[in-house]
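Contents: one structure, followed by commentary.
The values are calculated or read from the model by the stated rules, or taken from the named source; none is laboratory data. Fair warning: this is a prediction, and the values are worked out from it, not measured in the lab. Heads up, the Cβs are rebuilt from the backbone with ideal geometry, glycines too, and the neighbour counts pull from every protein chain shown. Only protein heavy atoms, including side chains, enter the accessible area calculation; ligands, DNA and RNA are left aside. Shrake-Rupley method; radii C 1.70, N 1.55, O 1.52, S 1.80 Å.
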Amino acid sequence: MNIFVGNLSFSTTEKDVKGLFETFGTVLSVKIKKKIRPEFAGFGFVSMADDLQAEAAIAALQDKDFMGRPLSVSAERPQPVKPKKDYKEIKRLRMEAKAKKEETVVVF
């Protein structure tokens, strides 16, 4: 199960987060998100092998003080799937709309 961990201290490392979550079970990976600049973004994701262990970690660590900040911990929500744009269809529809517009123009 993937877990979102927010409100991390800017000095937090992946090793720190892994150590915190390992008390609840096997941690497969920890990824702390970075901004475009090398500064730390303040959130990351933890992947745990067992869903029950992950749920226990979420319940125990929500709002827990970690490195001077209260953590925001929840199950990772799936990203919505964006439909692919059909650019040929969009172009065709625009051309049809333009043609209809030109047909309705009345010249005196």
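Taking square-rooted eigenvalues a ≥ b ≥ c of the alpha carbon gyration tensor, is region 1-83 rounded, prolate or oblate, where a/c under 1.5 means rounded and, failing that, a/b exceeding b/c means prolate? Because a/c hits 1.5 or more and a/b fails to exceed b/c, region 1-83 counts as oblate.
Taking trypsin sites (Lys or Arg not before Pro) as candidate sites, keep only those in a DSSP loop with at most 13 other Cβ atoms within 10 Å, then name the longest stretch of the chain containing none of them.
In short, 1-34.
Solvent-accessible surface of the chain, taken per residue with a 1.4 Å probe and all protein chains present: 77 Å². With a Förster radius of 30 Å applied to the C-beta separation of Asp50 and Phe10, the computed FRET efficiency comes to 0.50. At 222 nm, what value in deg cm²/dmol follows for the chain if DSSP H runs of at least 4 each add -39500 (n - 2.57) and the sum is divided by all its residues, to the nearest 500? Theoretical 222 nm ellipticity from helices: -10500 deg cm²/dmol. From the square roots a ≥ b ≥ c of the eigenvalues of the alpha-carbon gyration tensor of region 50-108, which class results: rounded (a/c under 1.5), prolate (a/b over b/c), or oblate? It comes out prolate by the Cα gyration axes.
Can you tell me the FRET efficiency between Gln62 and Lys82 if r is taken as the Cβ-Cβ distance and R0 is 22 Å, rounded to the nearest 0.05?
Details: r = 30 Å, r/R0 = 1.36.
Efficiency for this residue pair is about 0.15.
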